[in-house]
Structures are given as C-alpha cells and as structure tokens.
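S.K.: My structure is below; once you've seen it, I'll send some questions.
The values are calculated or read from the model by the stated rules, or taken from the named source; none is laboratory data. Given the structure is predicted, the values throughout are model-derived calculations rather than measurements. Here the Cβ is made from the backbone with ideal geometry for all residues, glycine too, and neighbour counts use every protein chain on show.
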Amino acid sequence: MDPAPPGSALVLLLLAVPPPGGCCSFEFSPVSSTFHAHVEAVSPWLLLDYTVEMPENLELGSLCSDLWTLRFGLAAILRLAARAGGALSPRLRALAAQLHFVTGCPLSDPQGCVRLRPVNVSQLLGALELHLGGLRERHPPPSACARLRCTTGTAPPGPP
C-alpha cells in the first residue's frame, strides 16, 4: 500500500471539523436544576395574563422543538426585561441567564415559515420549564436543529 500523499491528513482533518457556527452541541450540561427557583422568583412580579409572542407552528415532538421553544422564550424574556421596571428587570435577566446557553446554537428560518401568536406570560413560563426538562431528559440537539421547521400548510402568504 502506498503511503498517503503529504498534507492528506490535514485535508481529512479539515473535512471532519464542522463549519463555524454550524454545530449545535454543548461541552457541558447546560440545563440548570435551579430554573424553577428563578421562575418562582419572577412570578409574583408579573401580571400573569400579560401577553408575549411565541411561535404557533413549529414542528413539535422532535429533539429540536425543545431548543427552538427555549430560544424563542429567551427572546421573549429579554424583551420583557428591557421594558420592565427596576425591581423586575434583574429577576427577568437572572431567568434569562439560565437559558443563555441556547444562543450557542444558531437558528435560521430560511423559508420564513414561523408565525408568532400572543400567549400569556404564565404559559410561556410553563413552556420554558417543560422544554428545559425535555433537554434535561435528552441529549442536546444536533446541528440539524439550526434550521427551523414548521408544520405543513402553515407558511405565511407570499406578497400579492
């Protein structure tokens, strides 16, 4: 057998390394066991019928759905924190810090299929706990989660 040509090991190494930003994995367990305590700390300060926007048509039931919901939930919490008063904002930011790990997974919506709907902030907090638990029970999502997938027949109408 002929020896490999010079530099071929480098080419194989480069092919084995995922492109920057294309990998969605964590080197540690990102799921905090204190998340519920942060929810409890913020709940008394919130009007639980206050509405926030969350996706209504993401493909559910996959390993990715937990990550996607947490990512949209984090964005909603950060929007709330930006508008909150001095007593509530730090509590919301502490809650958001528990979810910050999801920003390590780049997401894209190339088809523009995600539709948002208003939900009560109490529903958001419940969904965050549920989906955080989903990540705790399963391994962090693979890079296949980078592209959002919507349920069929729910793409927004195109321009007239």
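S.K.: For residues that are assigned to a helix (DSSP H, G or I) and crowded, with 18+ Cβ neighbours inside 10 Å, scanning just segment 101-123, find the one that is farthest from the chain's Cα centre (by Cα).
M.R.: If we filter segment 101-123 for residues that are assigned to a helix (DSSP H, G or I), which is where we start, we get 101-104, 121-123.
Subsequent filtering for residues that are crowded, with 18+ Cβ neighbours inside 10 Å retains 101-102, 121.
Details: PHE101: 8, VAL102: 5, VAL121: 17 Å.
For segment 101-123, the residue satisfying everything is VAL121.
S.K.: A further question on this structure: Taking only pairs six or more apart or across chains, which ones have beta-carbon atoms under 9 Å, a first residue in segment 69-93 that is more than 18 Å from SER108 (Cβ to Cβ), and a second residue that is assigned to a loop (DSSP other than H, G, I, E, B) and of a type outside the set (A, V, I, L, M)?
M.R.: LEU80/TYR50
S.K.: Further question on the same structure: Answer with yes or no whether CYS150 is at pLDDT 80 or above, closer than 25 Å to HIS36 by Cβ, touching a Cys at 6+ places or on another chain (Cβ under 9 Å) and surrounded by 13 or more Cβ atoms within 10 Å (Cβ to Cβ).
M.R.: Numbers: at pLDDT 80 or above: yes; closer than 25 Å to HIS36 by Cβ: no; touching a Cys at 6+ places or on another chain (Cβ under 9 Å): yes; surrounded by 13 or more Cβ atoms within 10 Å (Cβ to Cβ): yes.
No: the conditions fail for CYS150.
S.K.: Could I ask something else about it? Mind listing whichever residues of segment 79-114 are hydrophobic (A, V, I, L, M, F, W, C) and either closer than 19 Å to THR34 by Cα or in contact with a Gly (Cβ under 8 Å, 6 or more places away or on another chain) (or both)? Reasoning before the result, please.
M.R.: Of all residues in segment 79-114, those hydrophobic (A, V, I, L, M, F, W, C) come to 80-82, 84, 87-88, 92, 94-97, 99, 101-102, 105, 107, 113-114.
Answer for segment 79-114, where residues must be hydrophobic (A, V, I, L, M, F, W, C) and either closer than 19 Å to THR34 by Cα or in contact with a Gly (Cβ under 8 Å, 6 or more places away or on another chain) (or both): LEU88, LEU92, ALA94, LEU95, ALA96, ALA97, LEU99, PHE101, VAL102.
S.K.: Cβ-Cβ below 8 Å, separation at least six or inter-chain, first residue in segment 57-68 and small (Gly, Ala, Ser), second surrounded by 15 or more Cβ atoms within 10 Å (Cβ to Cβ) and not in a helix (DSSP H, G or I): which pairs?
M.R.: From segment 57-68, the pairs are SER62/ARG149; SER65/LEU58; SER65/GLU59.
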